[in-house]
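Here the structure is laid out as structure tokens; the discussion comes afterwards.
What follows draws every value from the coordinates through simple rules; no lab data is involved. Just so we're clear, the structure is a prediction, and the values are computed from it rather than from any experiment. Positions of Cβ are generated from backbone atoms using ideal geometry, with glycine treated the same way; all protein chains shown enter the neighbour counts.
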Amino acid sequence: MEQSLAIAVGFIAVLSLLLSPKAKSDGAFFKGLSPAGEQPGLLLLIFSQVTTWIFARSLLNAAILGFYYGVWGTLAYAAYYLSFLTGAKIIDSVRFQHGFTSIQAFLDDRFGAWGTRCYNFVVGIRLVSEIFANILVIGILFGVAGSSSYMFAVIAFAVITLVYSMLGGLHASLRTDLMQMILFLVVLVALTILVIASGNATLDNLLFKPFEITDPGPILLLVALLQVWSYPMHDPVMMDRGFLADRDTTRKSFLHAAWISVICITLFGTFGVIAGAQAQSGEAMNAVLLRILGDVPMLLFNVMLVISAMSTLDSTLSSSSKLVAVDMKWVAPNVRNGRMTMATFMLVGLLCVFLGNKDLFSAVAVSGTASMYLAPVIFFSLWGGKTDIPVWSYLATFLLALTGAALYFIESAGHTQLLGNYHKYTKLLFISASILIVGCVFFWLGSLSNSQKQRMQVAA
């Protein structure tokens, strides 16, 4: 099966290279403009949104959560894709209501230099973690960590994706996203048909885990419903695509991406649910799927992971170059510097893979917790229209969220038991709720103190 998978990877890579015209302008490389200077259309933007957010680690997470916690685990992960709905509202407010050209511009206006420093820090970690996680998934598909096949797969995949990403920047990413999404949908439909035809997609299998509000699946669903308010704002891939087209096209692209993504993730996650219902004691998910489905469905399963990893990587590299050159202004925003930035981020991601630290893989999950410092920003400063929130409220909430993310990281990895012997998702719910509530209190107090100062100044 590895040989067939390698052929599939080669085919997708060749198509991606053929669809990646060399960027001849900064507009094509950083803004996704066509050679004629045109903005991306609705279908292109929808498919790009979906395929860049359904990345390899997401598919595996949805299936693994279904394997262990039933359909409720899969639905919990699918709930994170409601971020497209909150993301649409965030973009509409930042860009079309307040008139800012980027998230950084909005934060700089409200909180000055510290506003952008904190945000860029979180975004930078998010980008590196996405590169790392998707490359790692590809390596696992081809061999045991540290083996020659694993090392070759990791390096070859990274080089292929980097080459076509460097050629055309964001414009190439959008074009390849369209092709990759079409392939993804074709494979997903084929795999779903095969699973149904196998007779394993029964109601008993899908509902093998009963609903209990205290179980990890429903608990994670509550966590997702708390984190979707801030999660999209810290994801540069999603936010970047909110500044490419006109208002109507942008709004529709987010709304359609939401329901398409939820369906895709739920479908893929049900494969894990079916495996969990028929797993024997100590049997791994992939082994169960191979046993009950056979070689061809498992090949399609792995091909979907490859497609999603490649589509996410090229978009992540494009956002990395934009972050450094356009948003942070560390280098001049030209094609040469954009390509050098892509290579640097890819190198950092590869170094993380070769460190071989399992905790680094777990660290990907904490980004949603760290992003929650943005929830009060959205509620008070963006949607609430308050321009008088002091910087201390912003910084205090940022430090609170980082502390919460770090606490979840060490608790979920088993390094500490500061929050007791509860399941890690129960701890995550407690941490997320605490950050949201206390962060909003910080912003409320900051707004109150500024209002009092203004009244005193008027009285004087």
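General remarks:
- Hull volume per residue, based on the alpha-carbon atoms of the stretch 1-99 and their convex hull, is 146 Å³.
- Based on C-alpha pairs under 8 angstrom that are at least 6 apart in sequence, the stretch 2-356 has a relative contact order of 39 percent.
- Ordering of 228-241, 381-394 by burial proxy (mean other Cβ atoms within 10 Å per residue, highest first): 228-241, 381-394
- Ranked by how many other beta carbons lie within 10 Å on average, peptides 407-417, 148-158, 76-86 from highest: 76-86, 148-158, 407-417
- Size descriptors for the stretch 143-226, from the alpha-carbon set: Rg then Dmax equal 20.0, 51 Å.
- Each residue, Ser93 and Ile7, gets one label point 7 Å from its Cα in the Cβ direction; the gap between the two is 5.2 nm.
- Of every Cα-Cα pair in the chain, the percent that sits beyond 35 Å: 29
- Greater than 23 Å apart at Cα, pairs in Lys31/Lys89; Lys252/Lys386; Lys209/Lys427: Lys252/Lys386
- Of the DSSP H helices in the chain, those whose Cα atoms cover at least 27 Å axially and whose Kyte score averages 0.5 or more: 103-142, 148-197, 247-278, 295-322, 335-355, 391-412, 424-459
- Spatial extent of the stretch 241-314: Rg and Dmax, with the Cα atoms as the point set, Å: 17.0, 54
- With R₀ fixed at 22 Å, the C-beta to C-beta distance from Ile182 to Ile263 puts the FRET efficiency at about 0.90.
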